[in-house]
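Report on one structure; see the data block that follows.
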Amino acid sequence: MSISIRNISKQFGTFQALDDVSIDIPSGELVALLGPSGCGKTTLLRIIAGLDYADRGQILLDGDDASARHVRERRVGFVFQHYALFRHMSIADNVAFGLRVRPRRERLAEAEIRRRVKKLLELVQLDWLADRYPPQLSGGQRQRIALARALAVEPKVLLLDEPFGALDAKVRKELRRWLRQLHDEIHVTSVFVTHDQEEALEVADRVVVINKGKVEQIGTPESVYDHPATPFVANFLGSVNLFHGRVEDGHLHLGEHALALGAEGGSEGRAVAFVRPHEFDLVPGWHADGGLPARILRVAAVGPSAQIEVSRVDGELIEVTISRDAFQLLGLAEGDQVSLRPRHIRVFQAEALAA
Amino acid sequence: MSTSIALHAGSLERAETASTREPAWVKVVLISVALSFFAVFLLLPLGTVFAEALRKGWGAYLEALVNRDAWDAIRLTLITAAIAVPLNLVFGVAAAWSIAKFEFRGKRLLITFIDLPFSVSPVISGLIYVLLFGAQGWFGPWLQEHDIQIIFAVPGIVLATIFVTFPFVARELIPLMEAQGSEEEEAAVVLGASGWQVFWHITLPNIKWGLLYGVILCNARAMGEFGAVSVVSGHIRGQTNTMPLFVEILYNEYNYVAAFAVASLLALLAIVTLALKTLVERQTRRQLQEIAATSETET
Amino acid sequence: MASMKRFSPLPGFGLAMGYTLVYLTLVVIIPLTAVGTKTLTMGLDAFWAAVSSPRVVASYQLSFGASLLAAAINVVFGLIFAWVLVRYRFPGKGLVDALVDLPFALPTAVAGIALATIYSANGPVGKLLEPWGIEIAYTPNGVLLALVFIGLPFVVRTVQPVLADLEKEVEEAAAGLGASRGQTFLRVILPHIAPALLTGFAMAFARAVGEYGSVIFIAGNVPMVSEITPLLIITKLEQYDYAGATAVASVMLVFSFVLLLIINGLQGWMHHRYARGA
């Protein structure tokens, strides 16, 4: 089922939680709503589900306006951040709940319900937990049961609120790969909310970056990462180094130094520029025409990459990441002079940063 | 207001380390003071009730209980509780549902109003019904015309009892349901459950211990209320005597053994109440810990 | 109502709220307004005469004075109880913890006749005190004693959870900074539990002022000496002085409401204060 979000606005008192948000989600896609906490992404998810209502705008499910439809009739699956498993029911009863509360004439036979529950528990690989109770489960197991319960009613849309938020790092990684595989198997249109860019970029088909109630950018993980539309997106997705300067005749001027801008260029005037740590080349020594002069402050060469902290002549700090092998080949040490040559610079007009 | 706090109390204790320990003599003195106070103020009155009731032996004790007047008082007490407790139970659930599960303006004010009967003297709780339904009251003339007796009759006793036990169930449920939040109910609604299904299958199982706790306290007060029913009763033997009122009559007639015999039944009720309360407290505490545990980060 | 309420996907607000308001109005609000309207129809002079006669004033002095003193005593012993129950292990602790609530659970009339029997001149405790010239039953002392009995659980049950929640690290920090145990108590623990103590005090006080059943048996009820205000209301009712009874009751009601507001304010303070660390 496709989801079409049209001009949704929502206010809590004087706080503008969502401001004219429009998103189109084609059937079968897995989409991440990504943004910092308080940006309105969870509110949007709850509005899609019908757990909250919008002040203005429409939600179209498969082209039909669902705004007036009660949450009970929308046939969405919702996985809550803290799972909201029914504490007093066994795992099997939790999963069966949505099937058992149907009106009598639509309800399946008890044997069929049990068969379905068993299949769902197998799908989430937890059929051996059927008779346990939620408090006896680990966080990751609860998460998967919550998913099985949501899938039991065969929803046309699956909505997940911070699905991995309450898990520790290792389980989180496992589960998100698992969720991606599961989605590839069942292909139900899915939307999940997250504040973790790594999670969004790894799992989703498309990412919607939201900030202060507005959509900043919509696109594939590659496109939002490589071609951020706004300074916020550039800043929010992965770590970046920020430069303030001026753009003049195809160069970014930082104090007395100038860096050549590529084909993308940038409009003239005051500008902010972003360079990711891994987009620098390091050259030993200072060179008149070759990049920013700096000095190495600290090096952490653990694992496959070397994290290098360098200081520009005016004292500003820059993070650089290169492969450990490359670093060893350069034979640099702390205190050495280097030149930084960015391979890729994203430039925005300075005014855009304030927005 | 008192009971909601008692919910979280109980045998909360903690391990001590040397740096946060008092000298031994301080500890001994404090425990001795507490135990002496406990013995004199709590144990002694309770013991006295049974000792005085059995002063002249089991025969006299039973005789005091097995007679027409005593039976009538017991019966009226049971009837009163049987009406007041269910009414306040339904009210408590409705009030807690609207207060804990929804956001609306004036919520704090509503809670204050629900608390009111706790802070009104029992005597005034009776008086207000006299002012409404007594011979000189608002509805007095109309009631007389239609030959309906409320004050100095059973309906008055029931009304006064409903008033004094009004907040008990609501006061237990509101903090419990607020702590539990609405996520489980929302999950049930998304899964297609109707309002009643949500209530019966999700909310009720989650609040059952708190509900029981409120009912126990409500019942104890309903059966034991003295001041309010004393004002509206008129003390007609066999008609408007509840057990506490009957105790007073017997005591004022210097019939101490009988007074304490009836009182001993009420004291037993108090002991059973406290035992159930301790049991239920343990359950609710475990439940609250589960809530805390399930909403915490863990693997 | 709908406009005052935030949207919720849960059903039943209208029904539950409607029932709550109707029941509250019928059982609590309308009956309580009866006191107000009755008082208003009296006229100021009659009202003043009713609430300021010497016998009534004497009853205020006893009721409020004894209640204040009882609540103060409860603060001291309630704190000791809470402390001992939270911090120490000793035989019979479970029983003590359960029976602290006895004054809540025991019908007041039962408590009243038991206390009167124990402290009368030939009762088990009264007998011991008589040679020393100490009389409790049928004097204002009896009133005080009954009120101490009735108020104890309020302080214990308010302070106990707060004391249990106090992080041990805080005390260890104080000790580590060189504070003696006494200094730690006065400067660290006491300020922490002060709001709870004050709330318990206010609750015990409020309950004591209105208390009737446990007091009248032991008080002796001598006008001007050991007659509490609630009893005076009943006495006036029995003399068919409805207006007089209502006037005195309205004074008590106003006082109770003010105290209720104070208690709610205190609880808000406690909530604000203790919720932060949790």
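Table for the structure above
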quantity: Check on A:V283, under 21 Å from A:L242 (Cβ atoms), of a type outside the set (D, E, K, R) and modelled with pLDDT of 85 or more; calculated: no
quantity: Among (1) touching a Leu at 6+ places or on another chain (Cβ under 9 Å); (2) more than 22 Å from C:A109 (Cβ to Cβ) - the single one C:L237 does not satisfy; calculated: (2)
quantity: Failed criterion for B:I162 (all others in (1) in contact with a Gly (Cβ under 9 Å, 6 or more places away or on another chain); (2) more than 20 Å from B:I249 (Cβ to Cβ); (3) surrounded by 23 or more Cβ atoms within 10 Å (Cβ to Cβ); (4) of a type in the set (V, I, T) hold); calculated: (1)
quantity: Qualifying positions in the range B:137-180 - of a type in the set (D, E) and on the phi > 0 side of the Ramachandran plot; calculated: B:D147
quantity: All positions within the range C:118-142 that are assigned to a loop (DSSP other than H, G, I, E, B), surrounded by 18 or more Cβ atoms within 10 Å (Cβ to Cβ) and not aromatic (F, W, Y); calculated: C:S120, C:G123, C:V125, C:I136, C:A137, C:T139
quantity: Identity of the residue in the range A:21-46, part of a loop (DSSP other than H, G, I, E, B) and touching a helix residue (DSSP H, G or I) at 6+ places or on another chain (Cβ under 8 Å), that ends up nearest to A:W178 (Cα to Cα); calculated: A:G35
quantity: Selection status of C:S256, at pLDDT below 90 and either within 18 Å of the chain's Cα centre (by Cα) or facing another protein chain (nearest Cβ under 8 Å) (or both); calculated: yes
quantity: C:G182 being part of a helix (DSSP H, G or I) and free of Cβ contacts under 8 Å to residues at least 24 places away in the same chain; calculated: yes
quantity: Some residue of the range B:132-142 being assigned to a helix (DSSP H, G or I) and out of contact with any Phe, Trp or Tyr (no Cβ under 9 Å at 6 or more places or on another chain); calculated: yes
quantity: Filter result for A:L237 (loosely packed, with under 15 Cβ neighbours inside 10 Å, modelled with pLDDT under 90 and closer than 30 Å to A:A32 by Cβ); calculated: no
quantity: Residues of the range B:50-79 that turn out to be part of a helix (DSSP H, G or I), surrounded by fewer than 18 Cβ atoms within 10 Å (Cβ to Cβ) and within 14 Å of another protein chain (Cβ to nearest Cβ), as a count; calculated: 2
quantity: The range B:10-49, subset part of a helix (DSSP H, G or I) and at pLDDT below 80, residue surrounded by the fewest Cβ atoms within 10 Å (Cβ to Cβ); calculated: B:A18
quantity: Cβ-Cβ under 7 Å pairs, at least 6 apart or on other chains, the range B:74-97 side within 25 Å of B:A258 (Cβ to Cβ), far side in a helix (DSSP H, G or I) and of a type in the set (G, A, S); calculated: B:T80/B:A222; B:A81/B:A222
quantity: Any hit, the range A:246-257, residues being assigned to a loop (DSSP other than H, G, I, E, B) and surrounded by 16 or more Cβ atoms within 10 Å (Cβ to Cβ); calculated: no
quantity: Among the residues listed as C:L95, C:L102, C:L79, C:L106, the single one being closer than 20 Å to B:F38 by Cα, buried (at least 24 other Cβ atoms within 10 Å of the Cβ) and not small (G, A, S); calculated: C:L106
quantity: Helices (runs of 4 or more DSSP H) fully within the range A:123-232 counting 1 or more residues that are within 14 Å of another protein chain (Cβ to nearest Cβ); calculated: A:139-152, A:169-186
quantity: Enumerated helices (runs of 4 or more DSSP H) restricted to the range C:16-110, each holding at least 1 residues that are of a type in the set (S, T, N, Q), in contact (Cβ under 8 Å) with a residue 24 or more places away in the chain and over 30 Å from B:A261 (Cβ atoms); calculated: C:30-40, C:54-87
quantity: For C:D241: the one exception among (1) farther than 30 Å from C:A196 by Cα; (2) of a type outside the set (F, W, Y); (3) at the interface with chain B (Cβ under 10 Å from one of its Cβ atoms); calculated: (3)
quantity: Residue that is small (G, A, S), more than 7 Å from chain B (Cβ to nearest Cβ) and under 23 Å from the mean Cα position of the chain (by Cα), where the choices are C:S52, C:S63; calculated: C:S63
quantity: From C:S53, C:S59, residue being surrounded by 21 or more Cβ atoms within 10 Å (Cβ to Cβ) and not acidic (D, E); calculated: C:S59
quantity: Helices (runs of 4 or more DSSP H) wholly inside the range C:193-278 containing at least 2 residues that are hydroxyl-bearing (S, T, Y); calculated: C:229-238, C:242-275
quantity: Of all residues in the range B:126-152 being buried (at least 22 other Cβ atoms within 10 Å of the Cβ) and among the aromatic types (F, W, Y), the one that is farthest from the other protein chains (Cβ to nearest Cβ); calculated: B:F133
quantity: Helices (runs of 4 or more DSSP H) wholly inside the range B:220-299 containing at least 3 residues that are modelled with pLDDT under 90, away from chain C (no Cβ under 12 Å) and surrounded by fewer than 24 Cβ atoms within 10 Å (Cβ to Cβ); calculated: B:256-294
quantity: Residue check, C:G151 closer than 30 Å to C:N221 by Cα and either more than 7 Å from chain B (Cβ to nearest Cβ) or over 30 Å from the mean Cα position of the chain (by Cα) (or both); calculated: yes
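So that you can scan it fast, the table gives a plain yes or no per residue for (1) free of Cβ contacts under 8 Å to residues at least 60 places away in the same chain; (2) crowded, with 22+ Cβ neighbours inside 10 Å:
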| residue | (1), (2) |
| --- | --- |
| A:I3 | no, yes |
| A:I8 | yes, yes |
| A:A17 | no, yes |
| A:G38 | yes, no |
| A:K41 | no, yes |
| A:L44 | no, yes |
| A:D55 | yes, no |
| A:F78 | no, yes |
| A:H82 | no, no |
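Each row is one residue, and each column tells you yes or no for (1) over 11 Å from the mean Cα position of the chain (by Cα); (2) among the acidic types (D, E); (3) more than 14 Å from A:L160 (Cα to Cα).
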| position | (1), (2), (3) |
| --- | --- |
| A:L182 | yes, no, no |
| A:E185 | yes, yes, yes |
| A:F192 | no, no, no |
| A:Q217 | yes, no, yes |
| A:P221 | no, no, yes |
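The values are calculated or read from the model by the stated rules, or taken from the named source; none is laboratory data. This one's a predicted model, so the numbers in the text were calculated from it and none came from an experiment. Virtual Cβ from ideal backbone geometry, glycine too; neighbours counted across all protein chains shown.
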